[in-house]
1. What do you get for chymotrypsin sites (Phe, Trp or Tyr not before Pro) in the range 1-61 restricted to DSSP loop and a cutoff of at most 16 other Cβ within 10 Å of the site's Cβ?
2. Going from most exposed to least, what order do S48, S22 have by accessible area with a 1.4 Å probe?
Amino acid sequence: MRVGTLRIRPNGRGTHGEGRASGNSPLAPGTPVCVIEVADDGTGLAASDARRVFERFYRAGSAQRAAAGSGLGLAIASSAAEAHGGRLELDIRPGEGCTFRLLLPYRPTAGSAEHLEGGTSPLLSAPAAGVGG
C-alpha cells in the first residue's frame, strides 16, 4: 500500500494508458491529487477482464467460481470516486499482479500545499496490516 500526493501528468497516473483500465474519465494534467495505491503480486488479470472489472455484476474468470460476491464492489467504488471528482483505476501486469489506485482531487487548506509547489511529491510508502510494503 502506498499513500501520497502528486500532480497528474500526460500519460501518467490518472490518465488512460497501456495496461490501465478505469470506469472513470481521465483527470486533467496538472490536477493535484491524493493517491492511495494497493498492489498485489498475484496472477494478475487479462486485459479483457481488466476492461470489465468496473462494470456492475462482472466477476473475472475463476472469481466466478472461487469466491462469494456480487460483482458490485469495484462499480460502487468507481462511482464514489467519480462523485468526488476523482478516479479509480487498475494497472495490470499479467502473471505479476495488479495495482488498484484511488485518485481524489487535493483541495488544500491554507498553508498545506507547500510540498506541491515544485510539481509532485513522491508517493509515501506505508505498509498496511497483512500486506507486504
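The values are calculated or read from the model by the stated rules, or taken from the named source; none is laboratory data. Note that the structure is predicted; figures quoted are calculated from it, not measured. Heads up, the Cβs are rebuilt from the backbone with ideal geometry, glycines too, and the neighbour counts pull from every protein chain shown. What goes into the accessible areas is simple: the full protein's heavy atoms, side chains included, and nothing from ligands, DNA or RNA. Shrake-Rupley method; radii C 1.70, N 1.55, O 1.52, S 1.80 Å.
1. F57, Y58
2. Correct descending sequence by accessible area is S48, S22.
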